[in-house]
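Working notes, structure below.
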């Protein structure tokens with residue numbers, strides 16, 4: 001939607017040319033606040049999964065949700081939106097929760113079992129639905145930063161984040177607006193049309209399962225950028241059925257394992273784009289259930305964003321999506337121990 | 001214009017807390033293609049300044065413009081714009097020129113003299129005007145990447161870049177669109193209004209000269225982000241008079257010297273935003289000479305862009321623009337040897 005990407009064949013790069021990559025860090029971090037036994041190092045938990053029972057903030061959990069130790073936004077306070085001269089100021093009201101995805105000190109989604117990933121998705125949906133009840137919030141961003149170059153921070157322990165926001169993200173608005181324009185023109189969802197075209201050509205389909213597809217978008221901004229979309233139309237991630245959730249966990253396990261294999265455990269940002277909470281029947285939101293299609297963006301962080309990208313909003317990608325797809329398709333995975 | 005920034009006082013950072021910074025690299029790089037004596041290592045020059053005469057691609061120059069060794073876009077070929085299924089494809093026609101700002105192996109704008117900076121600006125204007133004659137081009141991006149973390153590359157030799165584009169940058173369109181909306185509402189340039197408000201309050205004015213201001217924008221996305229704007233209204237950078245150009249060189253010398261002093265020689269992207277070449281009297285471009293105001297964006301690269309920023313389009317800034325201004329105002333500079 002107005003976005004141009006330069007697929008730079010002159011500067012073409014094979015996966016092993018993206019350097020320097022930080023070596024995978026498997027060493028123990030005894031002070032990691034996300035490890036089993038260190039529950040006291042986080043703020044009191046918001047929720048947790050304890051299959052064999054047990055007390056909050058004690059042992060026996062397989063997943064914990066805790067408030068961020070250094071939150072970007074705070075849950076307390078009234079939402080105030082006011083002018084200061086020419087500018088608008090808004091109080092930093094919000095919520096910032098950490099989903100600790102495993103009690104063990106592993107960091108990559110590739111090292112989680114499909115069951116663990118499915119549990120993360122289930123709890124994320126619960127938390128989003130719970131945060132939706134707060135009338136101050138318009139959107140919850142669900143994302144994961146993996147690796148220091150992707151903003152994971154000092155502790156290499158697998159976790160995703162939820163940030164409830166009092167305003168809708170501008171990137172989401174752009175996506176919704178583009179999808180809406182297409183819908184007005186064609187009366188079809190643009191993501192459904194892209195899926196159909198991509199499934200026909202197969203050139204950019206990296207992984208496919210019963211209900212999901214991981215594809216390299218035509219105008220990939222970054223090498224090995226992937227979108228994971230449900231094959232059936234759905235605007236709202238929180239409507240995911242248990243069957244589809246298990247299938248999504250499966251495609252994520254495969255996709256992250258392949259990325260890790262092909263790119264030697266790359267730093268990565270993964271971001272959910274889903275329909276916002278409040279949907280009045282005007283403007284952007286009018287047709288949202290028909291025209292928007294939730295998806296996960298997976299962005300390995302292999303290249304540097306510099307003056308050209310900041311100045312133009314365009315991107316330079318040294319690996320075409322077709323090549324990235326080929327490398328991912330050909331990557332062989334060990335026979336899984338689980339799932 | 002719809003952009004929100006979280007000024008994170010909880011995560012507030014003083015200048016010396018932005019780590020790790022790469023130490024300034026002053027070592028010789030004998031194979032640097034931008035050094036005097038190595039003219040043969042670049043493609044033949046496009047233009048150069050030789051105050052005492054001399055032959056092209058020989059010695060005696062104070063500034064050289066050469067084609068990029070690994071261009072993002074190529075000058076040859078016809079501009080073709082076509083559909084491929086749902087997508088648009090455009091041939092990678094463009095131009096990518098490097099302005100070598102000094103024959104000596106120094107890298108930072110802070111180490112150039114005001115006369116050298118003025119010469120860079122003069123030649124950039126000449127080159128933009130020359131590229132404008134090519135009907136395939138709609139915009140020339142003028143920018144500088146300084147430091148490895150900002151994409152400077154292996155050779156630490158002061159240079160800026162010009163990239164002529166067959167389409168208008170989406171970031172420029174957003175800026176033009178926002179400025180146009182404001183103009184329709186107020187019949188005044190938003191940048192002129194911002195300048196007036198900021199000059200009144202002085203809270204975010206880091207440097208001021210006769211004709212220019214370097215200010216920390218109210219919604220700074222990055223710590224120590226600065227905009228350099230002319231005080232008088234002007235949409236088009238290439239209209240700069242010689243007197244104003246010298247003053248601009250002066251404010252840039254001071255601004256980069258202060259940034260270097262306060263932040264220990266930070267990596268930095270500097271980008272010009274100016275009016276595009278073709279201005280039909282409809283849509284975005286209708287009022288462009290009245291509603292747009294050219295400016296340089298200076299973005300020290302001190303923080304990491306991660307999942308939250310990519311997911312939302314919002315930014316988290318741990319240093320308020322008022323604090324950044326205070327640090328820059330207080331920074332003392334050595335008495336300049338030149339100018």
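All of the numbers you see were taken from the coordinates with simple rules; none came from a lab. Small disclaimer: the values here were computed from a predicted structure and weren't measured. Using ideal geometry, Cβ is built from the backbone for each residue, glycine included, and neighbour counts are taken over all protein chains shown.
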Problem set entry | Calculated FRET efficiency for the pair residue B:177/residue A:104, C-beta based, R₀ 51 Å, to 0.05 | 0.55
Exercise. Could you state the number of Å between the C-alpha centres of the stretch A:40-85 and the stretch B:128-180?
Worked result: 44
Exercise. Which value, in Å³ per residue, describes the convex hull spanned by the Cα atoms of the protein assembly as shown?
Worked result: 170
Exercise. Quick one: label points 7 angstrom along Cα→Cβ at residue B:136, distances to the other copies in nm, smallest first?
Worked result: 5.5
Seminar exercise, completed: So, in nm and shortest first, the distances from residue B:27 to its counterparts in the other copies, with label points 7 Å along Cα→Cβ, work out as 2.5
For this session: Calculate, for residue A:243 and residue B:208, the FRET efficiency according to 1/(1 + (r/R0)^6) with r their C-beta to C-beta distance and R0 45 Å; round to the nearest 0.05.
Result: 0.10
Seminar exercise, completed: As a percent rounded to 5, the proportion of antiparallel DSSP bridges among beta bridges in chain B is 90
Exercise. Could you give P(r) for chain B, binned at 10 Å from zero, as whole percent values over all Cα-Cα pairs?
Worked result: 5, 23, 34, 27, 10, 1, 0
For this session: Give me the Kirkwood hydrodynamic radius of the stretch B:117-208, using the inverse of the mean 1/r over all pairs of distinct Cα atoms, in Å to one decimal.
Result: 16.4
Exercise. So how much slack lies between residue A:57 and residue A:170, counting 0.36 nm per residue of separation and subtracting their Cα-Cα distance, in nm?
Worked result: 37.0 nm
Seminar exercise, completed: Out of B:103, B:56, B:67, a Gaussian network model of chain B with alpha-carbon springs under 10 Å gives the largest mean-square fluctuation to B:56
Exercise. Spin-label point model (7 Å from Cα, Cβ direction): what's the residue B:28 to residue A:154 distance in nm?
Worked result: 4.2
Exercise. Want the number for residue A:197 to residue A:129: 0.36 nm per residue separation, take away the alpha-carbon distance, what's left?
Worked result: 21.2 nm
Exercise. Residue A:14 versus residue B:333, label points 7 Å from Cα toward the beta carbon: distance in nm?
Worked result: 4.9
